[in-house]
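Below is one structure; the comments refer to it alone.
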Amino acid sequence: MAREFAATSHRVALLESGGLQWEERSQALNEGKIIGRPYYALTQAWLRYFGGTTNHWTAYVRPLDPIDFEERPWVPQSGWPITREGLDSFYTRAAQFLKLAETPFDPTAWIDAGKRLPWEFEGDRVKSDVIQIVAPENRLLGIRLRQELEASENIDTYLYANVVEIVPDKAVKEVRHLAIATDNGNHQVTARYYVLAAGGIENPRLLLLSTSVQTEGLGNGYDLVGRYFSNHIEVQRIATFSPSTSSADPGFYLPREHANGTMRGCLALDSRSQKESKLLNARFIMNPHKGEGWMSMVKLLQGASRRRVPEGLERHIANVIADIDDVAAHAFAYVRPERFRHRPVALSACAEQIPNAESRVLLDDQERDRFDRRRVVLDWRFTDEDVASIRQSLDHLVRHCSASGLGRIRELVPNEDYSAVDFRGSYHHMGTTRMHPDARQGVVDANCRVHGISNLFVAGSSVFPTYGHANPTFTIIALAMRLSDHLRGQLQ
Amino acid sequence: MSTPFSIDRRSAMRLLASIGLAGSTRPQEILAGISRSVKDPGFDTVNGFFSNLESASYLGAAYLRIRPEEADFRHLCQALGIPRSSEGPAGKVPGGRLAESITQKHRADFRNARVLKLAGWSLSYTELRLSALVYLGDADAEAESKDS
């Protein structure tokens, strides 16, 4: 966002909590409790140094689907106050900024002379979505933009500048100043406009910490700040896919280089299927499937060909016996290569969850950080309906793959007991200052302005009302550009 | 007229147990060969539908243990829309369009959720019945060889 104001007449102060590199002392400010679903250590879940979490993202980019913006009757609290069409021009700018291909998400742009084609499904009920992978030199935004920002005459970057409170006027109509804590003393910053861009956990934390005037937290008149914390629910190796025809080459779906850049495909149900079956948006990613059984068989065969006993012989034999299905699949692919050119691939699922008001970011009543500010508590929740949607989406995929003659999917969840599945979250922290035109249902309005406060805005995935299956960064950048345009208009 | 097709969970578990007891044969070898595209070279006998007849026969035997009322060659052929050959078992059922019609039935089963899930695999009702035909054909052939 700061960069969008470069070479304008407006002065911008960029306040970064950390320094230029990862530092344990800065990351320690993330420490907090996890009281809901198991989650990663908060000290790792987002980054406090220049460039933020782009310092460790997978660089997968994809826009949200049009259905993600719609009000879906089977998804409570769904619907964005903006449309996908309204965001398209900003997605285009975001793609240019990240130096993506010209039509980055059109599957036909990634076909190599008739090879590695997206699969054809009957009735187009399953679609092949493109995820583009940002090139390394373009993805670490701290490194990429540092020189530009240092050279800018109207953008000042302050490192180790920790915002500890956003202080409004007595009527709570506008922000008066920010209280900044550093290891060398405290400061204040005043501006015409303030944009909170600290991530989906820290954004609500800062609002909840800002209690000097509005005691429940700034912008929290309706107890929404921090609620609706959402993550993408991921299931690694939920199934395997065995192709039964040469047209089911998974090449389109595996990460690969192309003249247009780096991409991978994924499978997702089309909007009709989601609507008819009342499903949440989800995607299925493929990776080469190498079960333990097959890996051990390879070791045994290598040992046999070299006339050497491989290390861990008993373990390898046990793996082969225990995973005989996997061994058989790979062996079959070797025996009949003309029919089964490709080995089975593993499928992983990534799905959105229903907006859940009980899933939330809170403040710890007891623990405080080194600036004497209450630490965060994360209570991530999702429901049986969320899990059921993943199961049903997989069922649809199973049926459509076989109905289209592509191949066979085998589900790997033992006894179909999803209660035993290790559901992983991601580092996608969304929903905690959600967007809604009504202050009783959202923290920010359609322009990402905090309801009731004329000069405070929020940037980032904390404003997402729903989540789709796409990684959030591309939409974060598009919304940041949109907000920048809005603020430029306000400043004029 | 074919009987309504349904398998309850208990029967499905019995079917699965039967396959598990069938020596080293697993459903995997059967299933890897089943979903053939109509555009593929095709097959013109029921046996040609399967890449591993031994596995298909085991699956068919297991299926008929839980659905003994379907253990009739004519009934199965009728249910599957296969012309019953006067020459005998499934391996000799003629008809160039057989591949297309069976494949279409098999795919329609998936389209309409007429599938049974076994050990994570989804099997169409068509392929379960075809497996039963293979088993019955084997049983016929074995009986004939004993008589001769």
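The values are calculated or read from the model by the stated rules, or taken from the named source; none is laboratory data. Predicted model, so just to flag it, every value in this text is computed and none were measured. Note: ideal-geometry Cβ built from the backbone for every residue, glycine included; neighbour counts use all protein chains shown. For the accessible areas, the whole protein counts, side chains as well, though only heavy atoms, and no ligand, DNA or RNA atoms are used. Shrake-Rupley method; radii C 1.70, N 1.55, O 1.52, S 1.80 Å.
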Just name one of A:Gly36, A:Phe284, A:Thr466: the one whose Cα is farthest towards the positive end of the charge dipole of chain A (beta-carbon charges, Lys/Arg +1, Asp/Glu -1).
A:Phe284
Please turn the phi angles of the range A:471-482 into ³J(HN,Hα) values with the Karplus equation 6.51 cos²θ - 1.76 cosθ + 1.60 (θ = phi - 60°), one per residue in order, whole Hz, x for glycine and proline.
4, x, 4, 4, 5, 4, 5, 4, 5, 5, 5, 5
Please report the carbon-and-sulfur percent of the accessible area for the range A:207-333; probe 1.4 Å, protein heavy atoms only, DNA, RNA and ligands left out.
52
Normalized C-alpha radius of gyration of the range A:208-300, against 2.2 N^0.38 Å?
1.82
Loop-located chymotrypsin sites (Phe, Trp or Tyr not before Pro) in the range A:354-387 whose Cβ has at most 12 other Cβ within 10 Å (DSSP):
none
Computed FRET efficiency, Cβ-Cβ of A:Tyr418 and A:Glu153, R0 60 Å: what is it to the nearest 0.05?
0.60
Can you tell me the relative contact order of chain A? Whole percent, Cα pairs under 8 Å, sequence separation 6 or more.
24
How large is the convex hull of the Cα atoms of the range A:360-485 per residue, expressed in Å³ as a whole number?
193
Just reorder A:His289, A:His56 by solvent-accessible area, largest first, 1.4 Å probe, all chains present.
A:His56, A:His289
List the aspartates and glutamates whose alpha-carbon lies under 14 Å from that of A:Lys299, not counting same-chain residues fewer than 8 positions away?
A:Glu311, A:Glu314
Under 20 Å from a point placed 7 Å out from the Cα of A:Trp74 along the Cα-to-Cβ direction: which residues of the range A:368-400 have their backbone N that close?
A:382-400
For the A:Ala446, B:Lys117 Cβ pair and Förster radius 35 Å, calculated FRET efficiency rounded to 0.05 is 0.20
Of all DSSP beta bridges in the protein assembly as shown, what percent run antiparallel (nearest 5)?
85
Tell me the per residue accessible area of chain A using a 1.4 Å probe; a whole number in Å² is fine.
44
Quote to one decimal, in nm, the extra length available between A:Gln236 and A:Leu301 on full extension: 0.36 nm per residue of separation minus the C-alpha distance between them.
20.6 nm
Residues whose placed amide H lies under 5 Å from that of A:Phe457, excluding near-sequence neighbours:
A:Tyr194, A:Val195, A:Leu196, A:Val450
Accessible area of A:Glu276 in the full protein assembly, 1.4 Å probe (Å², nearest 10):
120
Using only Cα atoms, tell me the angle between helix A:141-151 and the longest principal axis of chain A; keep it within 0 to 90° and round to the nearest 10.
30
Please list, in chain and number order, the residues 5+ apart from A:Ile34 or on another chain whose amide H is under 5 Å from its amide H, with Hs placed from the backbone.
A:Leu378
Work out which residues of the range B:108-129 lose at minimum 50 square angstrom of accessible surface when the other protein chains are put back, relative to the chain isolated, with a 1.4 angstrom probe, and list them by number.
B:Phe110, B:Arg111, B:Lys117, B:Gly120, B:Trp121
According to a simple spin-label model (label point 7 Å from Cα along Cα-to-Cβ), what is the distance in nm between A:Asn186 and A:Glu276?
6.2
Using only C-alpha positions, report the orientation-averaged shadow area of the convex hull of chain A, nm², one decimal.
25.9
Go through A:Leu347, A:Pro310, A:Gly405 and say which Cα lies farthest out towards the positive end of the charge dipole of chain A; charges sit on Cβ, +1 for Lys and Arg, -1 for Asp and Glu.
A:Pro310
Loop chymotrypsin sites (Phe, Trp or Tyr not before Pro), the range A:64-133, which have at most 16 other Cβ atoms in a 10 Å radius of their Cβ (DSSP)
A:Trp74
Tilt of helix A:324-335 relative to the longest C-alpha principal axis of chain A, in degrees (0 to 90, nearest 10)?
70
Between chains A and B, what is the buried accessible area summed over both chains (1.4 Å probe, protein heavy atoms, nearest 100 Å²)?
2200
Over the alpha-carbon set of the range A:425-488, work out the extent along each principal axis and list the three values in angstrom, largest first.
34, 28, 14
Translational diffusion coefficient, Stokes-Einstein: compute it for the range A:167-213 using the Kirkwood radius over C-alpha pairs as Rh, at 20 °C and 1.002 mPa s, and state it as an integer in µm² s⁻¹.
182
